[in-house]
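Novice: What follows is a structure written as structure tokens; I'll ask about it next.
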Amino acid sequence: MPASKSLDEKLRSIHADPSGSKEFIIADAKDADMAFGMSAPGTTTAPSSRPKSGANGGSPESHASEVRLKTLAEYRDQIRQVIDQGVVDIVLMSASTSDQLAVQEKLFENSRITPAARANDASDVHLPRGGKVHAEPARPFRTAHLDHMQCGHLDCAPDERLIGSNLGLYSVTFLNDQTRDLETLQRYKEFREEAERVGFRHFLEVFDPNVANVVPPDTLPGFINDLIARTLAGVPRAGRPVFLKIVYHGPQAMEELVQYDPHLVVGVLGGAAGTTLDAFQLLHQSKKYGGRAALFGRKINSAENQLAFIEFLRLIADGVIEPEEAVRAYHSVLSKLGVAPHRPLDVDLTLQTNVMSYGGSGTTISIPAAAPTNGAASKSNTPQKPTPLDKPDFAKMSPDERLAYHRERLRRALG
């Protein structure tokens, strides 16, 4: 029998008691190959592959090591490790990676993690090196087909639709332009109808406008909130998103949206990598003011040690540790693993502007900016696991038992 999914259990808890449930959803967004292409996996330091020449086998242009882009195989191997770790609730992938890991390898079959795939890739996430399409007003577009995400081929049989990813991310960008916004709404309507017919669930990502001067900055949070409420007002339960993924615009905007509809599960997107405190504080603040989910892509993928970083996201989400303490503890874990941090601890404890769109436009208005500082380069990009406890069956644990487990895991990690 397939494993029960932590996402579904948390959603049931939230809807049963919107004000009292302490559950928080964490997603690792590993779908960046549908935006950045070859640079999506990030970089690594590896032995030079340049050919040697000369009498002594050397060359003025050869180096002992060089920074290179990670491969798709390395990217997918990192996802396999995250699945094996079992701490996040969702892994979001491109349709091609979902086909490989969910359909072909069936890695989620006995996992508590829910697989998801990016269901559309509008023009504001088209980010090849040297490209400029993302800077123009966003246009809706879809590469992926729902059948491909669900079963790996067109015309899935009914019993095949749960093989792969049966949850998808659909993103919209509103521009305060009648023609463009109506096109965006129409394409979203068509997607919802197709998804409902095949039993495909989705969560809705609402980006800030990707061009300047759409609305005055002080009205942007209200503009986004109103459009979310208006867009979903005509959508009955069968077609609604299971949760939202939006820019965090601060306590007032978050509370306004959550209070308007307690059953509208609100999650925040991570944006640019930033400092470790940026990531930890964003999760903590969003939860404090009513957020129920965090979906981090570059913040996880750029971490010195992704698995350790994810562990601390979970500890913060479960109320075990505060953000600043978590940054210090994370650096301690890196030291014990022999991994050099990207930044010195004092720099990593600063808050910097969080860029909140794939293309780099738009910033949060809630987290103060600090001047960027170049820190030490990572000594090793190879993911390493902190010393683990035996993996428990979270499905059979109460919230208090999970909290005790996480506290003990943190105590062991820090000695």
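Novice: Take the residues of region 65-89 that are in a helix (DSSP H, G or I) and of a type in the set (Lys, Arg): which is nearest to Phe36 (Cα to Cα)?
Specialist: Ranking the candidates gives Arg76 first.
Novice: Can you work out which of the residues in region 90-105 that are of a type in the set (S, T, N, Q) and assigned to a helix (DSSP H, G or I) is surrounded by the fewest Cβ atoms within 10 Å (Cβ to Cβ)?
Specialist: Gln104
Novice: Return only the number of the condition from (1) out of contact with any Asp or Glu (no Cβ under 9 Å at 6 or more places or on another chain); (2) closer than 30 Å to Arg80 by Cβ; (3) in a helix (DSSP H, G or I); (4) among the hydrophobic types (A, V, I, L, M, F, W, C) that Phe108 does not satisfy.
Specialist: Only one criterion is unmet by Phe108, namely (3).
Novice: Here's a follow-up. Would you pick out the residues in region 149-180 that are without any contact (Cβ under 8 Å) to a residue 40 or more places away in the chain and farther than 25 Å from Asp28 by Cβ?
Specialist: His153, Leu154, Asp155, Ala157, Pro158, Asp159, Glu160, Leu175, Gln178, Thr179
Novice: If you scan region 187-210, which residues turn out to be crowded, with 18+ Cβ neighbours inside 10 Å and either aliphatic (A, V, I, L, M) or part of a loop (DSSP other than H, G, I, E, B) (or both)?
Specialist: Across region 187-210, the qualifying residues are Ala195, Phe200, Leu204, Val206, Asp208, Pro209, Asn210.
Novice: Moving to a separate point now. Scan region 60-76 and tell me whether some residue there is at pLDDT 95 or above, within 23 Å of Leu295 (Cβ to Cβ) and in contact with a Leu (Cβ under 8 Å, 6 or more places away or on another chain).
Specialist: So far as region 60-76 goes, yes, one or more of its residues are at pLDDT 95 or above, within 23 Å of Leu295 (Cβ to Cβ) and in contact with a Leu (Cβ under 8 Å, 6 or more places away or on another chain).
Novice: Sticking with this one: Return the residues of region 230-275 that are among the β-branched types (Val, Ile, Thr) and surrounded by fewer than 20 Cβ atoms within 10 Å (Cβ to Cβ); say none if nothing qualifies.
Specialist: Matches in region 230-275: Thr231, Val235, Val242, Val258.
Novice: Quick test for you: out of His126, His153, His148, pick the one residue that is more than 26 Å from Lys5 (Cβ to Cβ) and of a type outside the set (Gly, Ala, Ser).
Specialist: His126
Novice: Before we move on, is Thr184 polar (S, T, N, Q), in a helix (DSSP H, G or I) and in contact (Cβ under 8 Å) with a residue 40 or more places away in the chain?
Specialist: So Thr184 passes the test.
The values are calculated or read from the model by the stated rules, or taken from the named source; none is laboratory data. Note that the coordinates shown come from a computational prediction; the quantities given were computed from them, not determined experimentally. Because the Cβ atoms are built from the backbone with ideal geometry, glycine has one as well, and the counts that use them run over all protein chains shown.
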